[in-house]
Amino acid sequence: MKITIDQLPPTTNASFKVGRGRFYQTQAYKDYKTLVRGKVKPAPVEGDVTMQVDFYIKRDCDIDGRLKCLLDALNGLAYEDDRQIVELVVTKNKVKKGEECTVVQIDNLIPT
């Protein structure tokens, strides 16, 4: 399954805040999950999966900061739960402003 999302997920720091001693999801996190749910037809695969994530980013940043929101947004859509991911390859590619996006390839592992 190949998914192209025309937006980058928010970073972990922009996805969660602390208030009154509790963590809560920010509006940016909720908006991204809504965007992904509108683009991906629910067809969760069962069993172990491998995942390739390609971030197309205009500026240099940590590669891991955007993963949590993306993986959470795909829960129940591409797979039942992100615990099914047994291999994850992430790349960061520099692009011009306006060309930013996320491309995800998810493959089901077939037992031998």
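Observations on the model:
- Neighbours by Cβ (under 7 Å, 6+ apart or cross-chain): first from the range 71-91, without any contact (Cβ under 8 Å) to a residue 24 or more places away in the chain; second surrounded by fewer than 16 Cβ atoms within 10 Å (Cβ to Cβ) and part of a loop (DSSP other than H, G, I, E, B): Asn75/Asp81
- Boolean, Gln105 is touching a Lys or Arg at 6+ places or on another chain (Cβ under 6 Å) and surrounded by 12 or more Cβ atoms within 10 Å (Cβ to Cβ): yes
- Selection status of Lys96, over 12 Å from the mean Cα position of the chain (by Cα), modelled with pLDDT of 90 or more, basic (Lys, Arg) and surrounded by 12 or more Cβ atoms within 10 Å (Cβ to Cβ): no
- Considering residues of the range 39-52 that are within 15 Å of Thr102 (Cα to Cα) and not hydrophobic (A, V, I, L, M, F, W, C) only, the residue modelled with the lowest pLDDT: Lys39
- Helices (runs of 4 or more DSSP H) completely within the range 8-112 that count 3 or more residues being at negative phi and among the hydrophobic types (A, V, I, L, M, F, W, C): 27-39, 67-74
The values are calculated or read from the model by the stated rules, or taken from the named source; none is laboratory data. A quick note: this is a predicted structure, and the numbers were derived from the prediction, not measured. Cβ sites come from the backbone with ideal geometry, for glycine too, and all protein chains shown count toward neighbours.
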